[in-house]
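As structure tokens, the structure follows; a few thoughts come after it.
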Amino acid sequence: MATCQRLNLRPLATGLTRPSARLVAASRLPVAPVRRKSGPYGYTQAKALVFSKYGEPSDVLNLHTHSISPSIPSSSVLLRSLAAPINPADINTVQGTYGSKPPFTSLIGTAEPSVTPGNEGVFEVLSTGGSGSDLNKGDWVIPAVAQFGTWRTHAVADADKLIKVNKENLTPIQVATVSVNPCTAYRILRSYGPSAGIKAGMGMRPLEVGSGEWFIQNGANSGVGRAAIQLGRLWGLRSINVVRERDTPEATDALRRELQDLGADVVVTESEFLSRGWRDQLAEITRQGRDKIGLGLNCVGGKSATAVARSLGDDATMVTYGGMAKQPVSLPVGLLIFKDIRFVGFWLSRWNEKDATGRRHMIEDILGLIRAGKFRDVPVEEVKWDWETEEAALRNAVQEGLSGFRKGKGVFVFGDT
Ligand SMILES: NC(=O)c1ccc[n+]([C@@H]2O[C@H](COP(=O)([O-])OP(=O)(O)OC[C@H]3O[C@@H](n4cnc5c(N)ncnc54)[C@H](OP(=O)(O)O)[C@@H]3O)[C@@H](O)[C@H]2O)c1
């Protein structure tokens, strides 16, 4: 992708129209800039959110306008964005705190080298460079590589950096949000299924489908948490789910019911979970410890993570995959020594690199479940992105992405771009 962008993307300082517009005398320019989607030379106008230094999204994100040449290499395709979520990891990338740091480049002609954030999204193929790929106009594709840069209206990409998706009976939002959160839940549950029943010291074993074993998770209202509830239920597991209280008891109950509708067996609030009463409640759920909780999922950290660890049975595994509370995970040594609990981390990007084929199968599997009505979308707050959408609106939507107690995940939905 890097090479073809260098060859084909031409910055427009004004964002007005085609390159030749710059030659027109200023007095003859229309007062209000009129956008032509395609100039006489077939250039496509595009916009991308970019940052040139790390910081808070509201401080460092800019909306950059550029144009894309119609002549692209035969192995490449021209893409139009349909939808792209705003995930916590994307915001951490802008802040400079994420585990991978995409390089700052001048590929789309920004004044300073920049990065276009956005790890996940779905695009429609507008045109192909030739016969060098098996993609066709109208196909839907998602990135095959991490840090693709999806917060943009258009892109040119090598076909081998893309995965074609069967779009039948799917919405752009469903496809745009499949490859990070549902895949994280899927991979964790498959790789670190409950280990109740194995002899101490034998390590982790894969999930036993249909076993009815318990797992426990905090951040259960997150995209990953909701996916884990649903996949766990489909695969014959039972789940205990920790959520934060809402403003009112009614709102908390509504959230509880929502997660139960998805398949959650038990939903507890964080304050119930951190209270002295939790030990008794847990004993009741696990029939005085006869049912072991074999797996813990932690995306919060701090006290909540410690309480997840304390809830686990002997030989269990606790997987930390996020740190929403920005607090370290601290563990009583007895859990390591006497219960032999395994504490591991999980990063989907690393797993994707190791098993690209497994990733494709997993995505197809999840999309199949969505099509079959067996897996429900995460609630979203759509952020409409049209050609005229102001930079500030897009920037603010990103900034709000890390604030808690939201009605849904922010997703850019591209309209008339
Ligand atoms: N390791 C990986 O490969 C991987 C992959 C995907 C995601 N993740 C991580 O998983 C986590 C969830 O991501 P997502 O996209 O699923 O999230 P999301 O849908 O954007 O939702 C964020 C969740 O975090 C919760 N939260 C925010 N601040 C919190 C705090 N201080 N204490 C407790 N909970 C808090 C929110 O709870 P409320 O509902 O109460 O607001 C909400 O449920 C993030 O940390 C993300 O980076 C990791």
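Observations
- Whether a residue is aliphatic (A, V, I, L, M) and at pLDDT 95 or above was assessed, and Leu402 does not pass this test.
- Of the listed requirements (1) within 11 Å of the ligand (Cβ to nearest atom); (2) of a type outside the set (D, E, K, R); (3) modelled with pLDDT under 95; (4) not in a loop (DSSP other than H, G, I, E, B), Thr357 misses just one: (1).
- Of Ser271, Ser304, all but one fail to be surrounded by 14 or more Cβ atoms within 10 Å (Cβ to Cβ), assigned by TED's automatic domain parsing to the domain that holds Glu213 and not aliphatic (A, V, I, L, M); the exception is Ser304.
- Here Leu282 fulfils each of the conditions (1) of a type outside the set (Gly, Ala, Ser); (2) within 16 Å of the ligand (Cβ to nearest atom); (3) surrounded by 15 or more Cβ atoms within 10 Å (Cβ to Cβ) apart from (2).
- 2 or more residues modelled with pLDDT under 95 and in contact with a Pro (Cβ under 8 Å, 6 or more places away or on another chain): qualifying helices (runs of 4 or more DSSP H) within segment 235-296: none
- Scanning segment 377-409 for residues that are within 16 Å of the ligand (Cβ to nearest atom), part of a strand (DSSP E or B) and not β-branched (Val, Ile, Thr) yields Glu381, Glu382, Lys409.
- Filter result (among the charged types (D, E, K, R) and closer than 21 Å to Ser349 by Cβ) within segment 101-138: Lys101, Glu120
- Checked against the criterion of being under 25 Å from the mean Cα position of the chain (by Cα) and among the aromatic types (Phe, Trp, Tyr), segment 310-326 has at least one qualifying residue.
- Test for Gln230: is it assigned to a helix (DSSP H, G or I), in contact (Cβ under 8 Å) with a residue 40 or more places away in the chain and not aromatic (Phe, Trp, Tyr): yes
- Some residue of segment 123-130 being crowded, with 20+ Cβ neighbours inside 10 Å and within 16 Å of the chain's Cα centre (by Cα): yes
- Residue in segment 322-344 that is within 13 Å of the ligand (Cβ to nearest atom) and part of a helix (DSSP H, G or I) present: no
- Residue that is more than 22 Å from the chain's Cα centre (by Cα), touching a residue at least 12 places away in the same chain (Cβ under 8 Å) and more than 18 Å from Thr184 (Cβ to Cβ), where the choices are Leu274, Leu295: Leu274
- Residue that is nearest to the ligand (Cβ to nearest atom) [pool: residues in segment 345-354 that are part of a helix (DSSP H, G or I) and not small (Gly, Ala, Ser)]: Leu348
- Leading residue by the ranking (surrounded by the fewest Cβ atoms within 10 Å (Cβ to Cβ)) among those in segment 81-109 that are of a type outside the set (Ser, Thr, Tyr) and over 19 Å from the mean Cα position of the chain (by Cα): Pro103
- A count restricted to segment 210-257 and to residues that are within 21 Å of the chain's Cα centre (by Cα), among the small types (Gly, Ala, Ser) and more than 13 Å from the ligand (Cβ to nearest atom) stands at 1.
- Selected residue (only one of Ile363, Ile370 is within 16 Å of the ligand (Cβ to nearest atom), outside any loop (DSSP other than H, G, I, E, B) and in contact with a helix residue (DSSP H, G or I) (Cβ under 8 Å, 6 or more places away or on another chain)): Ile363
- Considering residues of segment 330-360 that are out of contact with any helix residue (DSSP H, G or I) (no Cβ under 6 Å at 6 or more places or on another chain) and aliphatic (A, V, I, L, M) only, the residue surrounded by the fewest Cβ atoms within 10 Å (Cβ to Cβ): Val333
- Selected residue (criterion: nearest to the ligand (Cβ to nearest atom)) from residues of segment 298-321 that are closer than 19 Å to Asn87 by Cα and either in contact with a Cys (Cβ under 6 Å, 6 or more places away or on another chain) or not in a loop (DSSP other than H, G, I, E, B) (or both): Tyr321
- Any hit, segment 297-311, residues being in contact with a strand residue (DSSP E or B) (Cβ under 6 Å, 6 or more places away or on another chain) and farther than 17 Å from Gly322 by Cβ: yes
- Thr269 vs. criteria without any contact (Cβ under 8 Å) to a residue 24 or more places away in the chain, among the β-branched types (Val, Ile, Thr) and within 15 Å of the ligand (Cβ to nearest atom): no
The values are calculated or read from the model by the stated rules, or taken from the named source; none is laboratory data. Since this is a predicted model, take the numbers as computed values, not measurements. Glycine also receives a Cβ, built like all others from the backbone with ideal geometry; neighbour counts cover every protein chain displayed.
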